[in-house]
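This report refers to the structure that appears directly beneath it.
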Amino acid sequence: MSERPISLVTGAGRGIGRGIAIELAKLGHAVVINYAGNAGAADECLQLVRAAGGDGITVRADVAVAEDRTRLVNETLAAYGRVDLLVNNAGVAPNVRADILEAGEESFDRLININLKGPYFLTQAVARQMIEQVQNNAVNSFGTPRIVTISSISAYTASVNRGDYCIAKAGLGMMTALFAARLAEFGINVYEIRPGVIATDMTSGVQEKYDQLIAQGTWPLRRWGQPDDIGRAVAAIARGDFPFSTGEVINVDGGFHLRTL
Ligand code: NAP
């Protein structure tokens, strides 16, 4: 049995996923760095993970495709024989931001498949493996396995020019509740992290808009979020710092969710 805890992080080549992988590497994890197509970014992430004290492998798999999800789990088990932490991070924004009175089904299907259906069925597959580990008493120093899903402030914030994205992220909130309720009897805790606006490729095209919102104080902590802000929250979960919490939502958003008067 590998001595390192084993984390499977989807969409870990770039952006928030990379930030998560590096913070987990600092805890000594072996990280399965999943990516969709950018092999160069995934390889670079693996180098950074190793430099930070971790280890890992890269696995190309589209989380929206059933065979790819199966292969992702199989390659993880072939390399390490277990999964201690699943981080559902992979996600996409709509290619075109279209008003909900105009937006088409193609974008809706793409967003639901990648951002909601993929994590739902990947979680199902990994949860079965985690249950087996618990039942076989194959628990290492990490403790019982855990699951984290990266949703968004869009889970509850209505942006009428990307309804597909908002609906998918809202769905992840229920997914977290469902798996938290179902897996509690096995001691497998399930968490949702809701990032605010984070500086990655996903937000680079709308940088000016968000610069303005920050200047206006749209969220109280007036700065861009960084990938390591999310990575550090995942690391706290990985360290086991929330043992009596499951189905919990952790906002990492500079206080965006606050209502002020
Ligand atoms: P990003 O910079 O665009 O990176 C996306 C990552 O996901 C890449 O590694 C990409 O792989 C991977 N990916 C995309 N589609 C995939 C698929 N079908 N299967 C497997 N991997 C796939 O995005 P990000 O900003 O880091 O966002 C990461 C997550 O945080 C997303 O779920 C996003 O919705 C959420 N989020 C982001 C923000 C923000 O402000 N940035 C805010 C709230 C929530 P390749 O590198 O191979 O393309």
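Pop out the ³J(HN,Hα) list for region 219-231 in order, Karplus 6.51 cos²θ - 1.76 cosθ + 1.60 with θ = phi - 60°, rounded to Hz; leave Gly and Pro as x.
10, x, 8, 7, 7, 5, x, 10, x, 6, 4, 6, x
Find the all-direction average of the projected area of the Cα convex hull for region 113-261, expressing the result in square nanometres with one decimal place.
Details: hull surface 39.6 nm².
If I average the Cα hull's projected area over directions, I get 9.9 nm².
Which lysines have a Cα less than 18 Å from the Cα of LYS26, not counting those fewer than 8 places away in the same chain?
none
List the residues of region 65-107 whose backbone N lies under 14 Å from a point placed 7 Å from the Cα of GLU3 along the Cα-to-Cβ direction.
Taking a point 7 Å out along Cα→Cβ of GLU3, no residue of region 65-107 has its backbone N under 14 Å.
Around ALA180, with a cut-off of 12 angstrom between Cβ atoms, what is the net charge of the other residues, counting Lys and Arg +1 and Asp and Glu -1?
On the way: positive: ARG146, ARG182; negative: GLU185, GLU192, GLU248.
Here the count lands on -1.
List the residues whose amide H sits under 5 Å from the amide H of ASN34, counting only those 5 or more places along or on another chain, with H placed 1.01 Å from N in the peptide plane.
VAL9, GLY11, ALA12, VAL59
Can you list, largest first and rounded to whole Å, the semi-axes you get for the chain by taking the square root of 5 times each eigenvalue of its Cα gyration tensor? Mind dumping the intermediate values first?
Numbers: eigenvalues 164, 75, 71 Å².
Over the Cα atoms of the chain, the semi-axes work out to 29, 19, 19 Å.
Please give the charge dipole size of the chain, origin at the Cα centre, charges +1 on K and R Cβ atoms and -1 on D and E Cβ atoms. Round to the nearest 20 debye.
Numbers: 24 positive and 27 negative charges, 86 e Å.
The calculation lands at about 420 debye.
At ASN113 and LEU261, where each label point lies 7 Å from the Cα along Cα→Cβ, what is the point-to-point distance in nanometres?
4.7 nm
List the aspartates and glutamates whose alpha-carbon lies under 13 Å from that of LYS169, not counting same-chain residues fewer than 8 positions away?
The qualifying aspartates and glutamates are GLU192.
I need THR123, THR10, THR144, THR260 ordered by Cβ neighbour count within 10 Å, fewest first. Working shown, then result.
Working: THR123 23, THR10 28, THR144 16, THR260 6.
The fewest-first ordering by Cβ neighbours comes to THR260, THR144, THR123, THR10.
Amide H neighbours of ASN189 under 5 Å, at least 5 residues apart or on other chains, H built in the peptide plane: list them.
Distant-sequence amide H within range of ASN189: ILE147.
Amide H to amide H under 5 Å from ASP55: which residues, 5+ apart in sequence or cross-chain, H placed 1.01 Å off N in plane?
Those lying under 5 Å, H to H, from ASP55 are ALA30, VAL31.
Could you calculate the FRET efficiency of THR203 with THR70 from 1/(1 + (r/R0)^6), where r is the beta carbon distance between them and R0 is 41 Å, rounded to 0.05? It would help to have the intermediate numbers written out before the result.
Working: r = 32 Å, r/R0 = 0.77.
Calculated value: 0.80.
Which one of PRO119, THR260, VAL206 is farthest out on the positive end of the charge dipole of the chain, using unit charges on Cβ (Lys, Arg +1; Asp, Glu -1) and the Cα centre as origin?
Selected residue: THR260.
Which value in Å is the Kirkwood Rh of region 1-140 over different Cα pairs?
Numbers: mean 1/r = 0.0645 Å⁻¹.
With all distinct Cα pairs of region 1-140 included, I get 15.5 Å.
Could you state the number of Å between the C-alpha centres of region 177-251 and region 68-129?
Rounded to whole Å, the Cα centres lie 17 Å apart.
Placing unit charges on C-beta atoms (Lys and Arg positive, Asp and Glu negative, everything else neutral), compute the dipole magnitude of region 71-112 about its Cα centre in debye, rounded to 20. Please report the intermediate quantities before stating the final value.
Details: 4 positive and 7 negative charges, 62 e Å.
Computed about the Cα centre, the dipole is about 300 debye.
Values in this text are rule-based calculations from the coordinates and carry no lab data. Quick caveat: nothing in here was measured; it's all calculated off a predicted structure. Reconstructed Cβ throughout: ideal geometry from the backbone, glycine too, with neighbour counts over all protein chains shown.
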